[in-house]
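The values are calculated or read from the model by the stated rules, or taken from the named source; none is laboratory data. Remember, it's a predicted structure, so these values are computed and weren't measured experimentally. Cβ atoms come from the backbone with ideal geometry, glycine included; neighbour counts cover every protein chain shown.
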Amino acid sequence: MVVILRHLVLEKLLKAIYVKHVSADIPFTHDLFQIAEKSKLPLTEEQRNFLDEVTTFNIKARYPD
């Protein structure tokens, strides 16, 4: 449960950064790396791997594939 909450917190944070720096139209995805990439955040390989790993704990509920 804690990992799922971490995913949600990171997702909301990354989407807030996206809105502030890119556009008010947020991406319809839960993929943390994809959101960070679209936000033009400079990420290390370790950070990319971390976001990919945390994304695997997402529960697909709101956005269909």
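For F28, the conditions (1) among the aromatic types (F, W, Y); (2) outside any loop (DSSP other than H, G, I, E, B); (3) surrounded by fewer than 16 Cβ atoms within 10 Å (Cβ to Cβ) all hold with the exception of (2). Among the residues making up the stretch 10-25, those that are assigned to a helix (DSSP H, G or I) and either surrounded by fewer than 13 Cβ atoms within 10 Å (Cβ to Cβ) or aliphatic (A, V, I, L, M) (or both) are L10, K12, L13, L14, A16, I17, V19, K20, H21. Looking across the stretch 31-43, just one residue is within 17 Å of K15 (Cβ to Cβ), free of Cβ contacts under 8 Å to residues at least 12 places away in the same chain and either among the basic types (K, R) or in a loop (DSSP other than H, G, I, E, B) (or both), and that is L43.
List every residue pair whose Cβ atoms lie under 7 Å apart, where the two residues are 6 or more positions apart in sequence or sit on different chains, the first residue falls within the stretch 13-30 and is aliphatic (A, V, I, L, M), and the second residue, located anywhere, is part of a loop (DSSP other than H, G, I, E, B) and surrounded by 13 or more Cβ atoms within 10 Å (Cβ to Cβ). What qualifies is L14/S39; I17/S39; I17/L41; V19/I26; V22/S39.
Being modelled with pLDDT of 95 or more and not in a helix (DSSP H, G or I) is the filter here, so list the residues in the stretch 44-65 that pass it. The one that is modelled with pLDDT of 95 or more and not in a helix (DSSP H, G or I): T44.
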